[in-house]
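Here's the structure, in structure tokens; my notes come after.
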Amino acid sequence: MKFLSSFFVLAALLGFQSSEKPYFSAPTETDIETLISQMSIEEKVGQTCQITLDAIHKTNDKGQALVPAQIDQAKLKEALETYHVGSVLNVGWHTLELAEWKSIMTDIHAPYLKKEQNIPVLYGIDAIHGVNYTVGGTLFPQEIGLAATWNTELARQMGEVTAYECRASGIPWNFSPVLDLGRQPLWSRHFETLGEDPVLGTQMGVGLVQGYQGKGETVDEFHAAACLKHFVGYSASFTGRDRTPAFIPEKYMQELYFPAFKAAVEKGALTLMINSGVVNGIPGHANYQLLTQTLKKDWGFKGFVVSDWEDFIMLHTVHKTAPSLTEAAIQAFNAGVDMSMVPSNPQYKAYCQDMVKAVKEGKISMERLNDAVRRILYVKKQLGLFGNPLPDMSKYPLFGSQTFKNIAKQAALESITLLKNDAQILPLKNAQRILVAGPGAASLNMLNGAWTHTWQGLDTSFNTKGALNIYQALRQQMPYSTINYAKGVELYLENDFEASRFVDINNYKKALKKNDVIVICVGELPSTEKPGDIRSLQLDDKQKELVRLAKAAGKKVVLVLLEARPRIINDIEPLCDAIVQAYLPGDQGGVALAELFTGKHDFSGRLPYTYPRYDGVIEFYDHPGSVERAKSGQFTAYNPQWDFGFGLSYHAGSINGMQFTAKDENKGTFSIAVNVSNPHSQTIQMVVPVYLSDLYASTTPENKRLIDFYKVTVRPGENKTLEFTFDASVLKRVSADGKWRAEKGAFEIICEGNKLSFELFNDLLF
């Protein structure tokens, strides 16, 4: 079942309409070529340079940006008129008010609107789970939680809302989605991924891209350019530490890491950001084969490639492939990086000067420079910036609206995953005495994670007004129960690593005696990138002690996991009566949890990754069959805590069978029908995954692999038939000779215990 087979257009529901025709007067390709021919080398190089807002901020005598944010007109004039800078990004160290964004954008675009410059500035920002850098913006679950919904329609809606609120802030470019695969749980940015599976990641990622950019070729004033991150293999760090090397065999690169990026490129994604690290010995920012040959030539990518933060510099300082900063800039540009983040002042000036010199000396060809500029101008054209870089910011009445908050809450409701529910302790009963405890019980920051109001998301002073934490939300939802609170454990930073300490532990022990059910909210402090590096996946032991104490007191224990990545809990899992994986559900996560806990809604989230049982054992559901024989004593090689796609519900639907509706064994095409039903008196949501098993192949096949899925709503007593249609490409794998083939032989289609067998009679080459 394809993504586009069923979705609703958010704009129609919300009362605004996307333009069928561009709202701007777009230059033609001929116009762009004429403009390029008239530009000086200095002007062209400037288009390839991106600076941070801080570089043009007014500052105090200590060099700190003024609050509220103000543009230094002299710095702006120098950046735009002397160095012809093409792009600005980011924000200061915290969220800005809409009025501040309006002032900033008005100043930045004034020279173009006054016709003092010929090319508009492109502004970009990391709005990775909603507009997290504008006060009052709508915050969604982080991507890993979004993936747990298994709902491509919700991905599209999240993209549309985020793009709308970006535009309301005057920003037309969003550095999202992250399409890195979440197959290294130690990685600090695991929560920014869409899980471990390439099919789930591809469909959810395409949903986000289409939500951001809209359905047309051009991007109207209610949508924004997407930026695919981080091409490619950034998440596969061998050690799990951020920005450290990865080793990815070509077969896995093709089968696992490329698909989401390739699909998003084919859907028209306008920009792409590069992996900060090294893959197979080659830094991402110096990889000509990936950036130019694969991305631009083979896949036909029409947009531009942007570096990550100062990353071309690391070719000299870290990766050691360039003997100087000048050579580093040349190396990255010639590899295929079209725009470099050189955020700081005066570093960006040196970059521009060095690049101009390199062009004049022939170290960078005019053809390559023109290609980069052409791509950048193409994106600006597609965004309508030449006609009007700053639409009327009063045209966005739905910014921060309850309508948008409801969509974010729905995403949280569908993401939160029930992993254990012994004796049906959930839903919670009224008139109970409930203790809500742990470091996450009263923390909005732990609900949101990093990239929320501030880079690391730790500062509580910028939290969204009116958003409820878990303790507050339970009190609101359960007025007839006694809801108490005891923190018990506090998380803090020590020597740049997360640490913990008991707080009021005696009060916690006393509170245990006075309550029936203990809801313990554990997890980790918000963090990302290098500050998020960890030594172990083990959940902090002091948080585990809260569970041990509660169980020793003879209480029912509900464990809530607020996790950027799965943390090891195998020792306390038997002590918990219920376990709920909330991921990082956003501002609406507290209310969503409370409504799930009280049975107002049912759980429908499913794990987007394999949850590990042991520290140091990385496992995936799509492991080869050879893994199953690797047993030693009590240790089984594939023995996760919970499998990929696992998730419980209060009222489970039934899959009543599966049958072929059409198939051609010679061509490898087939259609199947899956019959689902709801025997309950409540409407339910079901995730219906379809897996393929290649029984024999020239290279060891996976145990099984996901080939499609659908999330369906089933009314009480209703029976539905879902149709899935596949062409031969779904059977292909990279064979022993390195070519894509669907190899003849036997296959199985698997859907929740139902199996269908068929045989392909001929090899098919792709």
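The values are calculated or read from the model by the stated rules, or taken from the named source; none is laboratory data. If you're wondering where the values come from, they're calculated on a predicted model, not measured in any experiment. Reconstructed Cβ throughout: ideal geometry from the backbone, glycine too, with neighbour counts over all protein chains shown.
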*asked:* Just checking, does region 711-730 include any residue being acidic (Asp, Glu) and either crowded, with 17+ Cβ neighbours inside 10 Å or under 27 Å from the mean Cα position of the chain (by Cα) (or both)?
replied: no
*asked:* Quick check on region 328-343. Is at least one of its residues assigned to a strand (DSSP E or B), within 26 Å of the chain's Cα centre (by Cα) and of a type in the set (A, V, I, L, M)?
replied: yes
_Quick check on region 479-491. Is at least one of its residues within 30 Å of Asp242 (Cα to Cα), β-branched (Val, Ile, Thr) and at pLDDT 95 or above?_
yes
*Subset of region 682-719 [farther than 28 Å from Ala742 by Cβ and part of a loop (DSSP other than H, G, I, E, B)]*: Gln682, Thr683, Arg715, Pro716, Gly717, Glu718
*Please indicate, with yes or no, whether at least one residue in region 531-554 is part of a strand (DSSP E or B), over 29 Å from Ile618 (Cα atoms) and in contact (Cβ under 8 Å) with a residue 40 or more places away in the chain.*
no
*Take Gly457 and decide whether it is without any contact (Cβ under 8 Å) to a residue 24 or more places away in the chain and not in a strand (DSSP E or B).*
no
*asked:* Please count how many residues of region 133-176 are part of a loop (DSSP other than H, G, I, E, B), within 22 Å of Val121 (Cα to Cα) and within 15 Å of the chain's Cα centre (by Cα).
replied: 2
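Taking region 247-277 on its own, how many of its residues are in a helix (DSSP H, G or I) and closer than 17 Å to Leu200 by Cβ? I'd like the intermediate steps shown before the answer.
Pass one, region 247-277, residues in a helix (DSSP H, G or I): 250-257, 259-266.
Remaining after also requiring closer than 17 Å to Leu200 by Cβ: 252, 255-257, 259-264.
Here the count works out to 10.
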*Taking Thr244, is it in the same structural domain as Val131 (by TED's automatic domain parsing), more than 23 Å from His623 (Cα to Cα) and without any contact (Cβ under 8 Å) to a residue 40 or more places away in the chain?*
yes
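Would you mind stating whether Pro679 is outside the structural domain of Leu256 (by TED's automatic domain parsing), under 25 Å from Gln410 (Cβ atoms) and not in a loop (DSSP other than H, G, I, E, B)? So that I can check it myself, show each step before the final result.
On the way: outside the structural domain of Leu256 (by TED's automatic domain parsing): yes; under 25 Å from Gln410 (Cβ atoms): yes; not in a loop (DSSP other than H, G, I, E, B): no.
Spelling it out, it is not the case that Pro679 is outside the structural domain of Leu256 (by TED's automatic domain parsing), under 25 Å from Gln410 (Cβ atoms) and not in a loop (DSSP other than H, G, I, E, B).
Taking the options Lys349, Lys363, name whichever one is charged (D, E, K, R) and part of a loop (DSSP other than H, G, I, E, B). Don't jump to the end; show me each part of the working.
Working: Lys349 fails: part of a loop (DSSP other than H, G, I, E, B).
Exactly one residue qualifies, and that residue is Lys363.
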*Can you tell me how many residues in region 372-418 are on the phi > 0 side of the Ramachandran plot and touching a Gly at 6+ places or on another chain (Cβ under 9 Å)?*
1
*Do you know which of the residues in region 421-461 that are touching a helix residue (DSSP H, G or I) at 6+ places or on another chain (Cβ under 8 Å) and among the β-branched types (Val, Ile, Thr) is surrounded by the fewest Cβ atoms within 10 Å (Cβ to Cβ)?*
Thr460
*Considering only region 68-106, state which residues are closer than 14 Å to Ala168 by Cα and assigned to a helix (DSSP H, G or I).*
Leu98, Ala99, Glu100, Trp101, Lys102, Ser103, Ile104, Met105, Thr106
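Yes or no: Ser235 in a loop (DSSP other than H, G, I, E, B) and within 14 Å of the chain's Cα centre (by Cα)?
Details: in a loop (DSSP other than H, G, I, E, B): no; within 14 Å of the chain's Cα centre (by Cα): yes.
It is false that Ser235 is in a loop (DSSP other than H, G, I, E, B) and within 14 Å of the chain's Cα centre (by Cα).
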*asked:* Take the residues in region 189-229 that are buried (at least 24 other Cβ atoms within 10 Å of the Cβ) and hydroxyl-bearing (Ser, Thr, Tyr); name whichever of them is nearest to the chain's Cα centre (by Cα).
replied: Thr193
*What residue, among those in region 190-246 that are out of contact with any strand residue (DSSP E or B) (no Cβ under 7 Å at 6 or more places or on another chain) and of a type in the set (Ser, Thr, Tyr), is nearest to Trp150 (Cα to Cα)?*
Thr202
*Within region 413-448, which residues are among the aliphatic types (A, V, I, L, M), more than 17 Å from Arg565 (Cα to Cα) and not in a loop (DSSP other than H, G, I, E, B)?*
Leu413, Ala423, Ile434, Leu435, Val436, Ala437, Leu444
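Which of the residues belonging to region 668-695 are among the hydroxyl-bearing types (Ser, Thr, Tyr), closer than 17 Å to Asn754 by Cα and surrounded by fewer than 21 Cβ atoms within 10 Å (Cβ to Cβ)?
Going through region 668-695, the residues among the hydroxyl-bearing types (Ser, Thr, Tyr) turn out to be 669, 671, 677, 681, 683, 691, 693.
The next check asks that each one be closer than 17 Å to Asn754 by Cα; those that pass are 671, 677, 691, 693.
Within region 668-695, Ser671, Ser677, Ser693 meet the criteria.
Among the residues of region 281-300, is there at least one that is in a loop (DSSP other than H, G, I, E, B), under 22 Å from the mean Cα position of the chain (by Cα) and surrounded by 16 or more Cβ atoms within 10 Å (Cβ to Cβ)?
no
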*asked:* Name the single residue that is surrounded by the most Cβ atoms within 10 Å (Cβ to Cβ) among those in region 731-766 being outside any strand (DSSP E or B) and without any contact (Cβ under 8 Å) to a residue 40 or more places away in the chain.
replied: Lys732
*Picking from Leu66, Leu89, Leu53, Leu35, which residue would you name as being of a type outside the set (Val, Ile, Thr), in contact (Cβ under 8 Å) with a residue 40 or more places away in the chain and farther than 21 Å from Gly124 by Cβ?*
Leu35
*asked:* Going by what's in this entry, would Asp180 be described as buried (at least 23 other Cβ atoms within 10 Å of the Cβ) and of a type in the set (Asp, Glu)?
replied: yes
*Selected residue (only one of Tyr234, Tyr252, Tyr257 is outside the structural domain of Gly738 (by TED's automatic domain parsing), touching a Ser or Thr at 6+ places or on another chain (Cβ under 7 Å) and either hydroxyl-bearing (Ser, Thr, Tyr) or farther than 24 Å from Gln382 by Cα (or both))*: Tyr234
*Might you check whether a residue that is under 27 Å from the mean Cα position of the chain (by Cα) and of a type in the set (Asp, Glu) occurs anywhere in region 389-398?*
no
*Just wondering, is there one or more residues in region 615-626 that are closer than 29 Å to His453 by Cβ and either at pLDDT 95 or above or not assigned by TED's automatic domain parsing to the domain that holds Gln682 (or both)?*
no
